[in-house]
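Okay, structure first, notes after.
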């Protein structure tokens, strides 16, 4: 069904983090951007669709102290808003936002980090764009930071902090679907590493290797798939066709996959990254 | 200006394994948000949070409580690496026909130092992982805690083997919590090494109890974070180990083989089943798909108690006299990834490192043997010539750059070191003799 294409080489290998691959398609310029996190650095590659041109850029986590590792980047993802796309980096120190090509940092938000390390680790993780003007980022304490993003410029502000939880956030997803009330029912819970929303259905990947589909409105479990023999690290949906992609280490020999993304809305092509691997592996439909 | 919002009203219902928490509020901007979470109030595991922002659903997948998480990685790293070191030294001591009493003394001395109460207190404090250099210095110190000596090349090789072995164990653990079972395998073996010496055995048992206390309550998600932290530490290390290559668990490019067959992790179902449910929660249909692996059902869970069958074999001693300890120094194949300096320390004597070493030096009591004739050297290579050859030919990128306290021209740093050394005199800690501690520090400065 899919066959392997030429891989894209990275400047350094991928770290074993959840959802460690983000993709942005720039149709007007026939380019696709990819980002992969390596410890305290984000490797960004811009690949032309004809496969001839690749350019690389590396972004550093801010306030990274070279002697310690407390500036590890937890996640990098693009937020697509109607007026602009922003690249958001979350780390143990805070949240950085860049213009979509990674050229300029437009915003920095520092997390409250204690002076000396405590038993409770501090970091930000889980990024989602909401409607026209908000970017939401999760924090290890369980809070969700809501940023107000203007259509241009760097006047981004923290507008709300939603604090209802005590648990660290792993992933976030959003979509436009109008008026919804969400409730829950009896769900057998285990660690959830990745979540996507599609047409009101919640699709979640779990540590037991299962994928579960829930009805978004009622929280009812629709389907359960015993998909994998290992922890699911990443999940993606091709929004136009509803194809679900979930990978771990099965199809790519001797690689623990940590990021998987469709490269286009139809699901024609997808890409994966693996721990210790310095390339992005690509597949297209046969 | 940010505003923290808490719920004016809250309704919650709980059933056997779910908790519904709903909040509504209307801030002035017109945002309406409903937040729900699900999960047992008892268990640390959670599912995901659904939020509507302006009546839009935002989902967040939740992770269990971050208490005692990646700041709890260091003790596991230290104990497992220490365990591997003991396996290797034990094998080499036998292979070199070191007299049993001397060999036993070395093992006992190292284990005593490793489980030194003050040192472990320091280690178990919530903190970031040490830099690679600092950790290597700690193990250098540990390996020389007795009458045994190791040349630079042998120490490098010892450390290569230790780190690649634990990296392999972390990568291959079926589920993140199994890292704790691997740690218990090491602890069981260490306990066996000192079973004839009650004083040391009780130190080891104490530490084992501490491990159980701190780590058993952690959830799968927290172990996953520990695992991810460890994997970042081991990133880009692809040194080829002879015993791994022979057993076909490592490829010639230094990467480990990840099997797609065998039992699934405890708590996971074998892949292939799709179940569909009706609105009332009844299963209405089942479908099967073929997955490309060949998995069997999970084995029973290993024991997390002081004693018990751990089930997992990772972390047990893979060396024996007939399976020698060797490494290929050509660990950098064409395709090996670039040696990226993640934790580069431009000034190896950055304050943090000094403080760290100071605390460690304060905790380690070295037994300076009065009779230097009893000292001996252990070689990790087959011959002295091989050892020397290894030292010369070691690729630059694999150099561990052990911290050399003497290598500084910075007056301020010298002053700091002097101050730290001064602090040792005030700790009032019982030392074998007051002068030996000073000798010890000087010896360390000279030796590094």
Calculated diffusion of region B:106-252, Stokes-Einstein form, Kirkwood radius summed over Cα pairs, 25 °C and 0.890 mPa s, µm²/s:
145 µm²/s
Highest average packing first - B:192-199, A:264-271, Cβ atoms within 10 Å
A:264-271, B:192-199
What is the mean number of Cβ atoms from other protein chains located within 10 Å of the Cβ atom of each residue in peptide A:202-212, rounded to a whole number?
5
Rounded to two decimals, what ratio of Rg to Rh does region B:173-291 give with C-alpha atoms and a Kirkwood Rh?
1.11
Take peptide B:266-276, look around each residue's Cβ out to 10 angstrom, count Cβ atoms belonging to other protein chains, and average those counts.
6
Could you sort B:109-118, A:204-213, B:293-302 so that the peptide with the highest average Cβ count within 10 Å comes first and the rest follow in order?
A:204-213, B:109-118, B:293-302
Rg in Å to one decimal, and Dmax rounded to a whole Å, for region B:142-226 via C-alpha atoms
15.5, 43
When ranked by the protection proxy of mean other Cβ atoms within 10 Å per residue, highest first, what sequence do the peptides B:205-217, B:154-166 form?
B:154-166, B:205-217
hull vol. (C-alpha, convex hull) per residue for region B:67-145, Å³ -> 84 Å³
Residue-averaged beta-carbon neighbours from other chains (10 angstrom radius) around B:218-228
5
State the percent of C-alpha pairs, over all pairs in region B:107-151, separated by a distance greater than 13 angstrom.
61 percent
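Since every read-out is calculated from the coordinates, none of them should be taken as a lab result. Model, not experiment: these values are computed from the prediction. Positions of Cβ are generated from backbone atoms using ideal geometry, with glycine treated the same way; all protein chains shown enter the neighbour counts.
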